[in-house]
Amino acid sequence: MPNTLKSVTRRTLLQGVGATGLVAASGLAMPSYARAANAPQFTHGVQSGDVDASSGMIWTRVDRPSRIQMEISTVESFKGAVRLAPMDALPESDFTMKRLIENLPSDQDIFYRFVAADLQDINVVSEPIVGRFRTGPSSRRSVRFAWSGDTAGQGFGIDEKGMYTYGTMARHQPDFFIHSGDTIYADGPLKDSVDLSDGAKWINKVVTDEKRKVAETLAEYRGQWKYNMMDEHVRALSAVCPTFFQWDDHEVVNNWSSSKNLMNDDRYTEKSVFLLSARAARAFHEMTPIRYTPVEPGRVYRKIAYGPMLDVFFIDLRSYRGPNGESKETVIDDRSRIIGAEQVAWLKRELANSRATWKVLACDMPLGVMVWDNFKELKGAEAVANGDNGKASGRELEIADLLRYIKNAGITNTVWLTADVHYTAAHYYNPDKAQFQDFAPFWEFVSGPLHAGSFGPNDMDMTFGPEVKFVSAPTKEQGQNLPPSAGLQFFGLVDIDGATEQLTVRLMNRDDQELWKITLDPARAA
């Protein structure tokens, strides 16, 4: 990056940029604005993601084949902006475009600006669209981030209030947001309305054709993502806050693994879960600002270093798992794995090499919460726990091996953040209460849903000794699958203090009420 990017104080996002100034700075011909009515349109806002202290991803989408001009600046006026090489948005990627920006100054607001030129008439140029993110620090300063999961599930789409939890999170001005999975509900069609248990109706104000059926084609999977980005709260958060994405099952189909059988599901004409997951994965990478990993282009697990106090390790419990089943195997093999051998080796190596004060393990599913593959009959393991409250077996073996390694390697200050179960909770894993005891105690915090039905609380499996310190979920009187309007939509906030390095977790609801809070002191090297 040329030295034209200079440090400035943090400012609010630029709401609009004059067309004349942008065109002059970009070198695009001024007369093109005379035909603005025929110009390309940015269809779903902007996104940034996977931001660290010196780089970050940016993303946008247009409505036709276009050449995307890009500029970045440390000031909202874009004075002295750096112009990047243009990139083309083509039908093959559904007119999406993303790129990595490198060599950025640390701890700095970065403003980015897109302009689209029509590839069929290069002199026809769009109005600009602008976004912002902040790079991670290179020295100790306070950091705040949010996490949650589960968007547009159980038939609850964009209603009159919209996906309001995203707006609530935005008001806290987090440095970044971790979307912990179930980012879309590709297997959850929307109707115009949903009958609620109290006799009222939930009205989906927006329903697209792609959302009226389960996703099977690549276009339909893409449509699931585009639906979420139609919501004003989602777009507004994305414009000012990087999102770090991971995935779980509903990006493909409920509870998918290699054993998923769709033969009796009349909603699907495509019965191969392998083909569905391949299409879903392509849409996931096209529609999000996740980084591209050359060694494995479809990889979701990765580490983001956000300054000297924080490393975030994104764990993928979906892509490398064995078939869903009883999960009672006594050895680690391809049937009992849920993380996978290569990912486990990577995670151990990166954790051992981490010099950050806090190591956050962002996991798409909780460790000790019972998630049944068949909830009706309480059979089969969908997550880690198998429900026998005994010594580690099945998928628990891989987790036990990881926890033992963390203890024996002297890796401290690990915190697990997760979602999936549609309620919020704080779990303290205590080896004194566990059947498998060869690990150091740690905390796991659960949050979600962002905008979906509320469920729980689920039973806990005591293999790793989880103590439920807090839970907020539907009561027996309220029942299950409550709509977002019932208020049981949750997110978490994490603050790391730049002076003390203490980590504070707050569990919040969508009305911005603090439900529970804890401050953790970092363990210090002897």
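In this simple spin-label approximation, S138 and K469 carry label points 7 Å from Cα along the Cα→Cβ vector, and these lie 3.6 nm apart. Kindly identify the stretch 229-351 as rounded, prolate or oblate by the Cα gyration tensor criterion: order the square roots of the eigenvalues as a ≥ b ≥ c, call it rounded if a/c is under 1.5, otherwise compare a/b with b/c, prolate if a/b is larger, else oblate. Since a/c reaches 1.5 but b/c is at least a/b, the shape of the stretch 229-351 is classed as oblate.
For the chain, the 222 nm mean residue ellipticity estimated from helices alone, with every DSSP H stretch of n ≥ 4 adding -39500 (n - 2.57) and the total spread over all residues, rounds to -4500 deg cm²/dmol. Per residue, the accessible area of the chain comes to 39 Å² when a 1.4 Å probe rolls over the protein heavy atoms. Indicate the gyration tensor shape class of the stretch 417-526 (rounded, prolate or oblate), computed on the Cα atoms with a ≥ b ≥ c the square roots of the eigenvalues: a/c under 1.5 is rounded; otherwise a/b larger than b/c is prolate and the rest oblate. Oblate.
Using a/c under 1.5 as the rounded threshold, could you call the stretch 107-232 rounded, prolate or oblate? The axes a ≥ b ≥ c are square roots of the C-alpha gyration tensor eigenvalues, and prolate needs a/b larger than b/c, oblate otherwise.
Working: a/c = 2.27, a/b = 1.28, b/c = 1.78.
Oblate is the answer for the stretch 107-232, as a/c is 1.5 or above yet b/c matches or exceeds a/b.
Surface composition of the chain: carbon plus sulfur atoms hold 49% of the accessible area, using a 1.4 angstrom probe and ignoring ligands, DNA and RNA.
Loop-located GluC sites (Glu not before Pro) in the stretch 413-493 (DSSP state not H, G, I, E or B) with no more than 13 neighbouring Cβ atoms inside 10 Å: E477.
For an R0 of 60 angstrom, estimate the FRET efficiency from the Cβ-Cβ distance between A37 and K379 and round to the nearest 0.05.
The value I calculate is 0.55.
A simple spin-label model places the labels of L275 and S197 3.9 nm from each other, with each point 7 Å out along Cα-to-Cβ. Look at where the Cα atoms of the stretch 64-111 and of the stretch 180-225 average out, and the two centres are 31 Å apart.
The values are calculated or read from the model by the stated rules, or taken from the named source; none is laboratory data. Because the structure is predicted, anything quoted here is derived from the model rather than measured. Methodologically, a virtual Cβ is constructed for each residue, glycine included, from the backbone with ideal geometry; neighbour enumeration extends over all protein chains shown. Each accessible area value is taken on the protein alone, full model and side chains, heavy atoms only, with ligands, DNA and RNA left out. Shrake-Rupley method; radii C 1.70, N 1.55, O 1.52, S 1.80 Å.
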